[in-house]
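These notes are about the structure you will find just below.
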Amino acid sequence: MKSRINGGILILISLCINSTLTAQAKLSLDNRLDFVGKVKKQFESGEWEAGKNTIHEGLKVYPSDSDLIMLSGKYYYNKNQLDKARYNLNRALGVNPNNIDAKQILVNVEMESKRYSSAICYVNEILEIKPYWRELWSKKIELYELQNNHIEANRLRERISKIYPKDNELKKDYLYGLEVEAHYSRIEGKLDEAIALSKKLLKEDTQREDYYIDVVNDHLKAGDAYVALTYVERGLKQFPKSTMLIFKKAGILADQNRYSELLTFLQKNAMQDQYNYYLKEAARHAKESDPAVLYGKVFLGNLGDTEAFSYVFNDALGKQQYQVALNLLNKHRQVVGGSKELSVKELAIYNLMRNEPKVASLTKELFFLYPMDSDIKEAYVKIMLQEGKDNMVEERYSEAINAWEQVSLHSDNMLKRIAKTSIFNASLAQGNYNEALKALNELDFLEPDNKDLIVKRADLYFQQKDYQNATSAYEQAIAFSKGEEKRRNLDGYANMVIQIINNLNHDFRYKEALKFIKKWLEVDPHYQSAYHYAIKFTHLTGDKNAMHAYAQMGADRFPKDLFFKIKLAEIDAQYADIEKYAEIYNTLFLELKANPYNEHLINAFTQLTEKYTLDLIENNLGEVSIQKIDTAMIYSPMNKSLKYIKGLAYEKVKKFDSAYHYQSYYEPSIVESDAFIKRLNYLKYKSYKNQLSLNLLGSNHADKFSMNTLSAIEYSRLENRDTYTGRVNYAGRPSGKGIQVQGEWLRDWNDRSSTLLNVASANQFFPDITFNASFYRYLKFFNGVQYEVGVGYRKLSEDISDIKASNKELYNVVGGVSKEWDEFRLNMRLNGLILDENWLYNFSLDARYFLYSPKNYLTVVGSLGSSPDVELIDYQLYSGFSVLNTMVGAGYQWNLYKNLYGGVLGTWYNYKAGGLNSENQYKNLYNLYVNINVAF
């Protein structure tokens, strides 16, 4: 009756079975990938709490697994617990610095925490691995905007718009950023910056009239009227009816006293009011005489006059009237015909006008006509060199390569080398590795002693994902180099191998990655990070011995680097028993004494202490675990996890007041809150010294309509290791009243051994005399099991008339075994009984599923034997001896208040009546137990 008081028969049986299956399913995960995959599926389907429980199970097996820790951070981020999310995600990165998923979530955590600089750092780390992630670039722009760093945001918009040229939304954002930047440059008087930005806007979108107006205004403010007029002309080609552009041209021409052009232009555009105004201005200007006017008249009278042309042409150039000079040149050429001299003059005009497209096209024409002219050839090479650079920036790689091929064909060796190098880079960016290799071979011919080309060849192989040849080529470069150059090559080799390792790691090709790490260590055994990677990938491949060997090599080669000593401790701890734990603990403790302020060492020692003490607690060594925790808390006094485990240790040694205090440091999630409060209530309940219980039993045979009842009241006093209980059982039946008085003593001799003694006496309806003695011992078999050995004696009451026995003295011996898991307990007992020299037996089973604490559980019970179970004999409800007895039942016990518990249990007994020789005579007995317990 004492422990099986819980309620609802059929429904509770179903709940218990389902709970048992759930517990077994948790135990079925047998490797890390099962845990990670299951959690991801649970999160994707919105089963966050189930996912959290799976993470909890996984971390018990793989406490340092980066992906499981990352998923724990993802859970807290989903719950908007940003500090806990950041803590777990940083732990995941501490295990695996290249955990992309952890960094992605950290970006959002830091962004929501308004820690924008940290978020940008994580974005940059991800972009180093995935440089073409469009959404991440946009995220980085957003972060710069949140920091009010508009300059960097605009630069980034320009860059990403080049990477994704077809994305109109990105281009729109980029243009808007340029407009804002240009506006503020004008306000601050930075005309050069404003001009550069307005020209950039116009280059990006030539269909915007306002962009032309802005470029013109900016050049006018800078005093460059001629360039302003050039952009007016370009704007009018796009928008010939634009009133604003027409007015701008009129104003510029008037300022330059070019009235003839101005008046013709106004007439052409039917601007009569403006025409009348400037006609008067032209008349005033005509009053002034100028030799240029005279030569102009001569030239207009004879367009072929070389002297007049030279004067008016040079005069126009001197006055920066480049369009006038160009018109004069064209008129003169129509008369005298084309010549190299006139084409060169025209090229000079376009250079002064900064009309780069015209300069380029005319230079190409001149080179086609006069390929042997050295000046023209030089200009042509420069044009093609710049054209190649521009195309490269705009990622038009084929056009860039064609331009640089021309440079290579018509230049000296220095420019030829530049061109071939550029062709190599463009081919590499284009993914045309054959052309890149061809260019590299030509560079080898031009520069046979250039060892840098070997590095380029290694990079080419790397781009082709030919990692074997890539590393071999780099090793050749290292072999040829010395001194500082060799150090640079070793660093470059390390960077390449790290990229190879990361790529292989991304594809889960851990064994291949480990081959390159081993090769890396052969080339440069002094590179510290190589040992870090070796430890990581031997862990991923499950090679415990190699992992330990690399950690030991690192510790030997870099004795001041505590990372290796910490790793050695962590590796050894993964496979340690209690004795090995103690050795590792002592080794790490010595290091901590020498380096008491090293944060990584403190964290490692704290984590080891947590695992070690949990193992000690599981092995019933609670007092020892408390000593270890106290040592760790010297270095980490605010560690709530250590305090919580200390509470578990106090609970193990049954110091429940201390257990209540330390376990209260645990910070449950919203979902855990209710269960945690009930757990603390249980500890509070157990901390009281006095307990009072009231127990009721209702019993009814199926073939009768009368109910037998039995009640009991008991008082218990708890003292350190002893519990004393007094109990009175009362039974009322048609033939009278029965009272049984019982005394009980439970003694815990140490953490592993205890005894139980009880003696009872009754007047009727109970055994006249009852005596039981049991010894309990915790042993390590099967990962920790409690065993029971006991004896008992009962002198059965004479009022049991249907027991066919001359001697009603009943002896029994009992053997039992109990096994506990985190949320489940199973107890099996086998009773051997002797009644009137007849051997009887009863096998019973009690399975409990703990919901919040040992006082809140679902239970399923059952028994089978030739005798009823011993407790039923104590109540003498029926006498089914030497026949088949079976029993099943289920119940529930729960917390009613912090010091009040209640429970209900229903059982069904079935036994063969009338002895073994009777036919089909079975009886059913139904019992319902109810109890209330109060502590004070």
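The lone criterion from (1) outside any strand (DSSP E or B); (2) farther than 25 Å from Asn729 by Cβ; (3) in contact (Cβ under 8 Å) with a residue 60 or more places away in the chain; (4) of a type outside the set (A, V, I, L, M, F, W, C) left unmet by Ser797 is number (2). Scanning the stretch 519-548 for residues that are surrounded by fewer than 22 Cβ atoms within 10 Å (Cβ to Cβ), more than 21 Å from Gln468 (Cα to Cα) and touching a Ser or Thr at 6+ places or on another chain (Cβ under 7 Å) turns up just one, Ala546.
For every residue, the table says whether it meets (1) over 29 Å from Tyr259 (Cα atoms); (2) not in a helix (DSSP H, G or I).
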| position | (1), (2) |
| --- | --- |
| Val335 | no, no |
| Leu342 | no, no |
| Glu365 | yes, no |
| Met372 | yes, yes |
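Does any residue of the stretch 421-428 turn out to be of a type in the set (Phe, Trp, Tyr) and either closer than 26 Å to Tyr493 by Cβ or modelled with pLDDT of 75 or more (or both)? Within the stretch 421-428 (the criterion being of a type in the set (Phe, Trp, Tyr) and either closer than 26 Å to Tyr493 by Cβ or modelled with pLDDT of 75 or more (or both)), the answer is yes, since at least one residue qualifies. Within the stretch 50-73, if we keep just the residues that are touching a Leu at 6+ places or on another chain (Cβ under 8 Å) and within 22 Å of Asn503 (Cβ to Cβ), the residue that is surrounded by the most Cβ atoms within 10 Å (Cβ to Cβ) turns out to be Met70. Please count how many residues of the stretch 432-471 are outside any helix (DSSP H, G or I) and modelled with pLDDT under 75. Result for the stretch 432-471: 6. Within the stretch 698-727, being polar (S, T, N, Q), closer than 20 Å to Tyr926 by Cβ and assigned to a strand (DSSP E or B) holds for Ser699, Asn700, Asn708, Thr709, Ser711.
I need a count of the residues in the stretch 618-652 that are within 20 Å of Asn681 (Cα to Cα), touching a residue at least 60 places away in the same chain (Cβ under 8 Å) and buried (at least 21 other Cβ atoms within 10 Å of the Cβ). Selection size over the stretch 618-652: 0.
Taking the criterion of being closer than 17 Å to Gln742 by Cα, buried (at least 16 other Cβ atoms within 10 Å of the Cβ) and not charged (D, E, K, R), the residues of the stretch 673-717 that qualify are Gln691, Ser693, Asn695, Leu696, Leu710, Ala712, Ser716. Residues in the stretch 880-916 that are aliphatic (A, V, I, L, M), within 50 Å of the chain's Cα centre (by Cα) and modelled with pLDDT of 85 or more were compared, and the one that is nearest to Tyr849 (Cα to Cα) is Ala890.
Identify the residue in the stretch 114-146 that is polar (S, T, N, Q) and surrounded by fewer than 15 Cβ atoms within 10 Å (Cβ to Cβ) and, among all such residues, is farthest from the chain's Cα centre (by Cα). Let's see the steps before the verdict.
Narrowing the stretch 114-146 to residues polar (S, T, N, Q): 117-118, 124, 138.
Then keep just the ones that are surrounded by fewer than 15 Cβ atoms within 10 Å (Cβ to Cβ); that gives 117, 124.
Values: Ser117: 18, Asn124: 15 Å.
Going through the qualifying residues, I end up with Ser117.
Which residues, taken from the stretch 842-880, are of a type in the set (Asp, Glu) and either touching an Asp or Glu at 6+ places or on another chain (Cβ under 7 Å) or closer than 26 Å to Lys654 by Cα (or both)? Correct list: Asp846 only. Quickly run through the stretch 820-845 and pick out the residues that are touching a helix residue (DSSP H, G or I) at 6+ places or on another chain (Cβ under 6 Å) and within 18 Å of Pro767 (Cα to Cα). Result: Asn831, single match.
Restricting Leu326, Leu317 to those that are of a type in the set (A, V, I, L, M), touching a Leu at 6+ places or on another chain (Cβ under 8 Å) and part of a helix (DSSP H, G or I) reduces the list to Leu317.
Yes/no matrix, rows are residues, columns are (1) in contact with a helix residue (DSSP H, G or I) (Cβ under 8 Å, 6 or more places away or on another chain); (2) within 23 Å of Asn78 (Cα to Cα):
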| residue | (1), (2) |
| --- | --- |
| Val109 | yes, yes |
| Arg115 | no, yes |
| Pro131 | no, no |
| Arg134 | yes, no |
| Lys140 | yes, yes |
| Tyr144 | yes, no |
| Gln147 | yes, no |
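Could you grab me the full set of residues in the stretch 70-82 that are farther than 18 Å from Asn505 by Cα and either of a type in the set (Phe, Trp, Tyr) or assigned to a helix (DSSP H, G or I) (or both)?
Matches in the stretch 70-82: Leu71, Ser72, Gly73, Lys74, Tyr75, Tyr76, Tyr77, Asn78, Leu82.
Of the candidates Tyr87, Tyr76, the single residue that is surrounded by 20 or more Cβ atoms within 10 Å (Cβ to Cβ) and farther than 22 Å from Leu33 by Cβ is Tyr76. Across the stretch 456-476, the qualifying residues are those that are under 20 Å from Asn505 (Cα atoms) and in contact with a helix residue (DSSP H, G or I) (Cβ under 7 Å, 6 or more places away or on another chain), and the one among them that is surrounded by the most Cβ atoms within 10 Å (Cβ to Cβ) is Ala470. In the stretch 177-195 there is at least one residue matching the filter, namely being modelled with pLDDT of 80 or more, among the β-branched types (Val, Ile, Thr) and either buried (at least 16 other Cβ atoms within 10 Å of the Cβ) or part of a loop (DSSP other than H, G, I, E, B) (or both). The single condition among (1) surrounded by fewer than 16 Cβ atoms within 10 Å (Cβ to Cβ); (2) touching a residue at least 24 places away in the same chain (Cβ under 8 Å); (3) aliphatic (A, V, I, L, M) that Ala479 does not satisfy is (2). When residues in the stretch 755-781 are screened for being more than 60 Å from the chain's Cα centre (by Cα), assigned to a strand (DSSP E or B) and surrounded by 18 or more Cβ atoms within 10 Å (Cβ to Cβ), 3 of them pass.
If you go through the stretch 821-846 and keep only what is more than 39 Å from the chain's Cα centre (by Cα) and buried (at least 17 other Cβ atoms within 10 Å of the Cβ), you end up with Asn827, Arg829, Asn831, Leu833, Leu835, Leu840, Asn842, Ser844, Asp846. So for the stretch 508-516 (the condition being part of a loop (DSSP other than H, G, I, E, B) and over 27 Å from Phe480 (Cα atoms)), does at least one residue qualify? For the stretch 508-516, residues part of a loop (DSSP other than H, G, I, E, B) and over 27 Å from Phe480 (Cα atoms): present.
Looking across the stretch 386-415, the residues that are buried (at least 19 other Cβ atoms within 10 Å of the Cβ) and part of a helix (DSSP H, G or I) come down to Glu387, Gly388, Asn391, Met392, Tyr397, Ala400, Ile401, Ala403, Trp404, Gln406, Val407, Ser408. Filtering Asp273, Asp214, Asp255 for residues that are at pLDDT 85 or above and charged (D, E, K, R) leaves a single hit, Asp214.
If you go through the stretch 848-876 and keep only what is farther than 17 Å from Asn831 by Cβ and in a loop (DSSP other than H, G, I, E, B), you end up with Pro854, Lys855. Anything in the stretch 728-741 that is assigned to a strand (DSSP E or B), of a type outside the set (Phe, Trp, Tyr), modelled with pLDDT under 95 and at negative phi? List them, or say none. Across the stretch 728-741, the qualifying residues are Asn729, Ala731, Gly732, Arg733, Lys737, Gly738, Ile739, Gln740.
The values are calculated or read from the model by the stated rules, or taken from the named source; none is laboratory data. A quick note: this is a predicted structure, and the numbers were derived from the prediction, not measured. Because the Cβ atoms are built from the backbone with ideal geometry, glycine has one as well, and the counts that use them run over all protein chains shown.
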